[in-house]
Amino acid sequence: MNHPTPYTPPAAASPIRPPLDFAIEANLQTEEVLRAADDRLAYWDQEASRISWQQPHTRVLDWSDAPHARWFVDGTLNVAYNCVDRHVEAGRGDKVAFHFVGEPGDTRTLTYSRLKDEVCRAANALNALGVEAGDRVAIYLPMIPEAVIAMLACARLGAPHTVVFGGFSADALASRIEDCGARVVITADGGYRRGVASALKPAVDEAATKVEIDHVLVVRRTGEQVDWVDGRDHWWTELVGTQSPVHAPQAFDAEHPLFIMYTSGTTGRPKGILHTSGGYLVQTAATAWGVLDLRDDDVLWCTADVGWVTGHSYIVYGPMANGATQVLYEGTPDTPHRGRWWEIVERYGVTQLYTAPTAIRTFMKWGEKVPEQYDLSSLRLLGSVGESINPEAHRWYRRHIGGDRTPVIDTWWQTETGAQMLTPIPGITEAKPGAAHGPVPGVSVDVVDDAGESVGPGESGYLVITEPWPAMLRTIWNDDARFRETYWERFGGRYFAGDGAARDQDGDIWVLGRVDDVMNVSGHRLSTTEIESALVAHPAVAEAAVVGADDETTGQAVVAFVILRESAAAPDVEELRQHVASEIGPIAKPRQVLAVPELPKTRSGKIMRRLLRDIAEQREVGDATTLADASVIEHLVREQRGATAAATR
Ligand code: PRX
């Protein structure tokens, strides 16, 4: 584990002054936040009534088997009923659930009552394929309404879904299917990205050569030709379209598994993070209401892909439990032009925009002239997630997108936490650009030193969550020992998030980035070990070391150092970059691959990544006295200079 970076408050740490963020009228009231701080279980008890239960809970929390929590003990509910049916029953069936915008410009509007029919049909179709409560279902779809429908159909049946981001490779898909034992996969012929049809079904076909898949349900999206296996493959329109739109939802225990989301950790194998039903839905619903400040006539646009936890919690479950109207967009921000997002905001009157700093920095690069051409006056709240938003990006976002009227909330959370955990609260917190401030109501956190003692103002340490929270992960699928060890052992029963953090003089929290070997590229979590394993799987590579180097747009970028096998014909580095893309997915493709004769190692054989990071970022190389062979560094610096010179030639 690395030590967190020492804390130096950024120059731009002064709070945002008039118009005052904390003076706006917002859902959450100070008294409620204070009450939650006094008695968090009473707060969650009250928040549970935000959703509908078939049987109410008898106890808010059972922590007697820590770190395994049981929230809302004995409560039973159906998550899909909560997200869809009950809004229709309350007479809001005609309310728009989604304004879908496809990348080629096609649009679809789905009301809650239409969505209810579709979810019921899909649930009946999955039933017809033999899916029952407890069976896992893999979803590998583009950002189209069927992705949401498929997730809710699984939830309705109590069949945990595992959504695999469409940018992942066949291998990554196969390993996830294998780990969770899904026998049914829901996919599409393809989706649209950057103006072209990009195929998905071939990856499922390839995965099916490695793992056993009984049924593949295929949505027609692009109309491209696909290979077909009779009996295994079914068109969505034929199988789902012909089902009855009636399906009686069954209530499941609050702790019934809802989904497994794979995420990168410090080892090569992604972890299957397990979330359950009641607590997860309560906290995502409560934060969608209190942090995203959702109201009945709002139009929320969370730009994440449903393949990541942000899409699960703040497109599907949290907002839909609140009966929200949302925008769902399939494509990239610059297709067919750089004003695409702002055109969508103007057209649908988006009120809350929730996105990632990497997107904001890209817009900054394109310049404010682009958003200036659109009417963005409907926006009243801007959110950020995925990594710390640097103060410059925060100010730009607020000024050029929010017209200096809207609060910007920087929300810190993780796949594991399931829902937002740290954030300024609209209407209450005076936001400091770059700070994650403090916990959401009902959550308790601390920043501690190596010994687990709280740090003082102006000091940095490790971010820990000191009390269980409703949306917390329940375990790592198939690996409970890893669950205990990764999160609970380091600080004696408190949850170790893997992030460094600091408290400023006011006691507010600033998140400083990962302290383990996890990188954050465009808000996506990537493991250095996973990419190293992919590289050494190439026949020409003997050894590999990967680091995350600072990158102006993506936050961090992957830089790989490889030692080639002597016998191998030297592959060009582009081939190695492609190799990583095909093993894991294009998001993991290194920005740079450097072939080097040796790697810097300590006398005990540990690779000194800190030095590699210095080289990747073309900085003066830090203290190298523990190196076994100091001359390695000179070689590396020379290689890097050579590669940079070649790249700029
Ligand atoms: O390092 C933190 C960073 O992203 C990690 C979680 O990644 P993931 O599980 O993929 O979930 C991302 C979306 C919830 C964290 O450990 N991170 C996320 N949000 C922030 C952040 N770092 C700083 N500030 C944030 N707002």
Length-normalised contact order of the chain, Cα under 8 Å, at least 6 apart, in percent, tallies to 14
Bridge orientation stat for the chain from DSSP, antiparallel percent rounded to 5, came to 60
Place a point 7 Å from the Cα of residue 232 in the direction of its beta carbon; the residues of region 128-143 whose amide N falls under 19 Å from it are 129-131, 136-141
Here the relative contact order (percent) of region 540-649, from C-alpha pairs under 8 Å and at least 6 apart, is 23
The percentage of the accessible area of the chain (probe 1.4 Å, all protein chains present) made up of carbon and sulfur atoms, to the nearest whole number, is 48
Between the modelled labels at residue 623 and residue 635 (7 Å from Cα along Cα→Cβ) the distance in nm is 2.5
Two pseudo-spin positions, 7 Å from Cα along C-beta at residue 374 and at residue 58, lie apart in nanometres by 5.3
Over region 79-250, with neighbouring protein chains present, the accessible area per residue in Å² at probe 1.4 Å is 36
Here the FRET efficiency for residue 212 versus residue 570, based on Cβ atoms and R0 = 45 Å and rounded to 0.05, is 0.70
Cα-only Rg/Rh for region 443-493 with Kirkwood Rh rounds to 1.03
Counting only backbone N atoms under 14 Å from a point 7 Å out along Cα-to-Cβ of residue 552, the residues of region 356-370 in range are 361-367
Excluding residues fewer than 8 positions from residue 116 in its own chain, the lysines with Cα under 20 Å of it are 95
For the chain, whose charge dipole is built from +1 on Lys and Arg Cβ atoms and -1 on Asp and Glu Cβ atoms, the candidate among 195, 637, 423 with its Cα farthest towards the positive end is 195
Looking only at lysines whose Cα falls under 28 Å of residue 210's and that sit 8 or more positions away or on another chain, we get 201, 271, 589
Of 341-350, 100-109, ordering from highest average Cβ density within 10 Å down gives 341-350, 100-109
For residue 38 and residue 404, extending 7 Å from Cα along the Cα-Cβ vector and measuring point to point gives, in nm, a value of 4.0
Extension length gain for residue 65 and residue 453 (0.36 nm per residue less Cα distance), in nm, is 137.2 nm
Stokes-Einstein D for the chain (20 °C, 1.002 mPa s, Kirkwood Rh from Cα pairs), in µm²/s, comes to 84
Computed over all unlike Cα pairs, the Kirkwood hydrodynamic radius of region 522-648 in Å stands at 14.8
Which residues qualify? For residue 519, with a placed amide H closer than 5 Å and at least 5 residues away or on another chain, they are 526, 527, 528
Over region 522-648, with neighbouring protein chains present, the accessible area per residue in Å² at probe 1.4 Å is 47
Using alpha carbon centers only, region 577-648 is separated from region 255-318 by a whole-angstrom value of 36
Note to self, the chain gives a 222 nm [θ] from helices alone (DSSP H runs n ≥ 4, -39500 (n - 2.57) apiece, / all residues, nearest 500) of -7500 deg cm²/dmol
Sorted by chain and then number, the residues having a modelled amide H within less than 5 Å of the amide H of residue 222, at least 5 places away or on another chain, are 189, 190
Rounded to whole angstrom, the alpha-carbon centroid of region 480-502 lies from that of region 55-81 at a distance of 23
Dipole check, the chain, charges on Cβ (K,R +1; D,E -1), about Cα centroid: among 312, 394, 77 the Cα furthest to the positive pole belongs to 394
For residue 347, placing the label point 7 angstrom along Cα-to-beta-carbon and taking region 283-309, residues whose amide nitrogen sits under 17 Å are 299-303
Residue-ordered couplings for region 259-273, obtained by feeding phi - 60° into the Karplus form 6.51 cos²θ - 1.76 cosθ + 1.60 and rounding to whole Hz (Gly and Pro as x), are 7, 10, 10, 7, 9, 7, x, 7, 9, x, 9, x, 9, x, 7
Placing +1 on each Lys and Arg Cβ and -1 on each Asp and Glu Cβ in region 79-250, then taking the dipole about the Cα centre, the residue among 107, 231, 164 whose Cα reaches farthest towards the positive end is 107
Residue by residue through region 381-395, the couplings from Karplus 6.51 cos²θ - 1.76 cosθ + 1.60 with θ = phi - 60°, in Hz, x for Gly and Pro, are 8, 10, x, 9, 7, x, 6, 5, 8, 5, x, 5, 5, 4, 5
If each part is reduced to its alpha-carbon centroid, region 117-146 and region 404-422 end up apart, in Å, by 30
Bridge orientation stat for region 79-250 from DSSP, antiparallel percent rounded to 5, came to 40
tail above 27 Å in the computed P(r) of region 79-250, as % of all Cα-Cα pairs, reads 22
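The values are calculated or read from the model by the stated rules, or taken from the named source; none is laboratory data. On a predicted model such as this, the values are computed, not experimentally measured, just so you know. Positions of Cβ are generated from backbone atoms using ideal geometry, with glycine treated the same way; all protein chains shown enter the neighbour counts. Note: areas computed on protein heavy atoms with side chains; ligands, DNA, RNA excluded. Shrake-Rupley method; radii C 1.70, N 1.55, O 1.52, S 1.80 Å.
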